[in-house]
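> Please read through the structure below; I'll follow up with questions.
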Amino acid sequence: MSSRRYVIPLRISPGFSLRLTILLILVHLGGILMLFNMQWQWWQIVLMSSVVLISLIYNFGRHVLQAHQQSITEINWASDGRWLLTTRSGNSFQARLSANSFLHPQLVVLNFNRGRWKRQSVVLFRDALDQESFRRLRVRLGREACVD
C-alpha cells in the first residue's frame with residue numbers, strides 16, 4: 001500500500017442535502033407523533049412538542065442550511081492525515097477524526113475531537129457533495145481504517 005505522503009489533499013465543501021432535510025423532518029415528526037401516544041395531559045404534550053420543534057429548527061439551521069456560526073462549511077484533509085475544519089464564522093481549527101465515525105455508500109458521518117471535551121460531527125449524504133469528492137472521501141476513509 002502506498003504511503004500517506006503521496007495522497008492528494010482532499011477539500012470538501014458540503015452543500016444542501018435533500019436527504020438530510022427529509023430525514024430530519026421525518027425523525028422529528030415521528031417524535032411528535034409518539035408524544036400523542038403518551039398518557040400525558042395536553043399541556044405536557046404541547047410542551048414536549050415545542051421542545052422537539054425547537055430541536056428541528058436548531059438542527060435544520062446548523063446541519064442543512066449551515067446558518068449557525070459553528071456550522072462546518074469546509075473540511076480539508078491534508079496528505080499527512082491532519083484535518084482542518086472551517087466554520088461559517090470563518091474560524092479554522094485542527095481536529096482529530098474519531099474512530100466512531102460512520103462510513104456507508106450513501107452516508108458518511110465524520111465525528112471529530114477538537115480537544116478533551118469538544119466534539120463536532122458532520123453528516124454527509126451523497127447528495128451534499130459532488131460524486132467525485134464523495135467517492136474520494138469514502139475510499140480514503142476506508143484505506144485509513146485498514147491502515148490504523
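> Which Cα, out of Val123, Asn91, His28, lies furthest along the positive dipole direction of the chain (beta carbon charges, K/R +1, D/E -1)?
Asn91
> Sticking with this one: Identify the trypsin sites (Lys or Arg not before Pro) of region 36-104 meeting these criteria: DSSP loop state and at most 15 other C-beta atoms within 10 Å of the C-beta.
Those that pass, being in a loop and sparsely packed, are Arg82.
> Hydropathy first: keep DSSP H helices in the chain averaging at least 0.5 on Kyte-Doolittle, then drop any whose Cα extent along the axis falls short of 18 Å, and list what survives.
18-35, 42-59
> Summing -39500 (n - 2.57) over the DSSP H runs of n ≥ 4 in the chain and dividing by its residue number, what mean residue ellipticity at 222 nm do you reach, to the nearest 500 deg cm²/dmol?
After summing the helix terms and dividing by residue count, I get -12000 deg cm²/dmol.
> Do any GluC sites (Glu not before Pro) in region 58-148 lie in a DSSP loop with no more than 15 other beta carbon atoms within 10 Å, and if so, which?
none
> Longest exposed-loop-site-free stretch of the chain, with chymotrypsin sites (Phe, Trp or Tyr not before Pro), DSSP loop and at most 10 other Cβ within 10 Å?
37-116
> Now, a different point. Determine ³J(HN,Hα), in whole Hz, for all residues of region 92-97 in sequence, where each value follows from phi through the Karplus function 6.51 cos²θ - 1.76 cosθ + 1.60 and θ = phi - 60°; x replaces Gly and Pro.
With coefficients 6.51, -1.76 and 1.60, one gets 10, 8, 7, 9, 10, 6 Hz.
> Show me the three semi-axes of the equivalent ellipsoid for the chain, from the C-alpha gyration tensor (sqrt of 5 times each eigenvalue), largest first, rounded to whole Å.
34, 16, 14
> Across region 19-64, what fraction of all alpha-carbon pairs, as a whole percent, falls in each successive 10 Å bin from zero upward?
29, 49, 20, 3
We did not get these values from a lab; they are worked out from the coordinates using the rules stated. Source: prediction; values computed, not measured. Note that we place each Cβ from the backbone using ideal geometry, even for glycine, and neighbour counts take in every protein chain shown.
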